[in-house]
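The values are calculated or read from the model by the stated rules, or taken from the named source; none is laboratory data. Here the structure is a predicted model, which means the values were calculated and not measured. Here the Cβ is made from the backbone with ideal geometry for all residues, glycine too, and neighbour counts use every protein chain on show.
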Ligand SMILES: [Zn+2]
């Protein structure tokens with residue numbers, strides 16, 4: 001069972017994403033990324049400095065960073081991309097975006113989702129996904145650092161980590177939650 005994910009991503013989707021190796025190196029140097037998980041595509045254990053880079057809210061919750069013996073959920077990372085073209089990463093919690101042209105919610109957006117645009121049935125406008133406000137419930141980018149088994153709002157990256165990621169040259173990084 002997964003409670004959700006915290007996802008970090010470069011917000012300037014027009015810019016080329018860093019290579020997988022460059023991204024992994026920065027995350028490893030920051031202590032966020034540990035060993036690759038055998039058999040997992042782009043999956044890694046959390047590194048030794050993980051809890052210094054990701055701040056958990058509330059009263060020191062118990063965070064499982066190692067695979068539990070019973071095979072239960074634990075916090076780990078999955079690197080997505082880089083992709084040649086930006087894409088939308090969304091989940092069950094993603095709310096309908098507002099049409100940038102008419103301001104109405106595109107309730108059936110999932111049925112009208114193209115490669116990089118969404119069609120508004122109300123006014124007929126084709127809007128770029130990059131122009132839609134996803135309000136922290138989805139992200140449009142060329143690479144993503146997914147930190148799994150985090151409840152939406154439960155944890156945030158520290159500013160220093162975001163600054164290190166920005167040093168990769170793909171613009172400023174932000175984050176959102178999936179569940
Ligand atoms: Zn519209």
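Listed here are the strands (runs of 3 or more DSSP E) enclosed by the stretch 8-64 that have at least 3 residues being closer than 24 Å to residue 152 by Cα: 43-46, 54-56. On inspection, residue 37 does not qualify as surrounded by 14 or more Cβ atoms within 10 Å (Cβ to Cβ) and not assigned by TED's automatic domain parsing to the domain that holds residue 148.
Condition check for residue 155 on (1) under 15 Å from the mean Cα position of the chain (by Cα); (2) buried (at least 19 other Cβ atoms within 10 Å of the Cβ); (3) within 18 Å of residue 83 (Cα to Cα): one failure, at (3). Being over 17 Å from the mean Cα position of the chain (by Cα), away from the ligand (no atom under 11 Å from the Cβ), surrounded by 13 or more Cβ atoms within 10 Å (Cβ to Cβ) and outside any strand (DSSP E or B) holds for only one residue in 100, 96, and it is 96. Of the strands (runs of 3 or more DSSP E) lying entirely inside the stretch 116-179, those containing at least 3 residues that are in contact (Cβ under 8 Å) with a residue 12 or more places away in the chain and closer than 23 Å to residue 49 by Cα are 144-148, 155-157, 173-178. Residues that are surrounded by fewer than 22 Cβ atoms within 10 Å (Cβ to Cβ) and under 15 Å from residue 148 (Cα atoms) were ranked within the stretch 1-34; the one that is modelled with the highest pLDDT is 34. So residue 128 fits all but one of (1) closer than 19 Å to residue 83 by Cβ; (2) within 16 Å of the ligand (Cβ to nearest atom); (3) in contact with a helix residue (DSSP H, G or I) (Cβ under 8 Å, 6 or more places away or on another chain); what number is the exception? With respect to (1) closer than 19 Å to residue 83 by Cβ; (2) within 16 Å of the ligand (Cβ to nearest atom); (3) in contact with a helix residue (DSSP H, G or I) (Cβ under 8 Å, 6 or more places away or on another chain), residue 128 is out only on (3).
The set of residues in the stretch 113-125 that are surrounded by 13 or more Cβ atoms within 10 Å (Cβ to Cβ) and away from the ligand (no atom under 11 Å from the Cβ) comprises 113, 116, 117.
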